[in-house]
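> First the structure, then my questions, so here it is.
FYI, it's all coordinate maths here, none of it is from the lab. What you are looking at is a predicted structure, and each value in this text was computed from that prediction instead of being measured. Cβ atoms come from the backbone with ideal geometry, glycine included; neighbour counts cover every protein chain shown.
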Amino acid sequence: MKNVTYLIERSAQAVRYWWLMLLIGLALLALGVLVFVYPAQSYASMAVIFGWVILVSGVLEVVLSASNDHFLTGRGWMLAGGIIQIILGLILVFNVALSAVTLPIVLGFWLLFRAFNTIGLGGDMRALGVAGSGWTIVGGVLLLLCALWMLFQPLVFGTAFVVVWLGVGLLFAGVSAVALSFQLRTSHRCLAKGDC
């Protein structure tokens, strides 16, 4: 009984920072909208902005995973994802020429990683019986299809097409992160009340 009580207490602490995932999702959504509002921005600017978004997203995910030492939030997925995004973001921010040349491929791999991350976290939440976790998985699958399409034909994409897919990919990633944050919030409230 003592172990069960400890597990419930640790789970409640693990999901208290659900709002960090919400911030990540809202930032990705805002950037996705900005991509469509200002499509005339230069290709190099998009590459640098994309690098900063990946960097900030990675930092937030590392903070979220470091503040949660329980399996409930998929800590391993978040930590690995955050570290990879920080490294990738730093490379893109400090090497603009590389960013502009490799943007379709980097974007495809980043979306692919976010897709696997989202599907994994959604699966963890589904295993715990969190309502709505299926939508997170669906968002991850849509993101996966978008990433695979971009990776299989990176040379086909012109600059205008990359900008459009960047916007679409950011919107998918943002929606998935927001959905996951609400699932974490639901889990936090449930565990805080002791209804789980």
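> Compute the FRET efficiency between Ile105 and Leu128 as 1/(1 + (r/R0)^6), taking r as their Cβ-Cβ distance and R0 = 30 Å, and round to the nearest 0.05.
Working from the Cβ atoms, E equals 0.25.
> If each of Leu145 and Leu26 carries a label point 7 Å out from its Cα toward its Cβ, how far apart are those two points in nm?
Distance between label points: 3.0 nm.
> For Val138 and Phe152, compute 0.36 nm times the residue count separating them, minus their Cα-Cα distance, and round to one decimal in nm.
Additional length available on full extension: 2.9 nm.
> Still on this structure, please answer the following. Taking 7 Å along the Cα-to-C-beta vector as the label spot, tell me the Ser45-Asn95 distance in nanometres, rounded to one decimal.
Placing both labels 7 Å along Cα→Cβ, they lie 2.5 nm apart.
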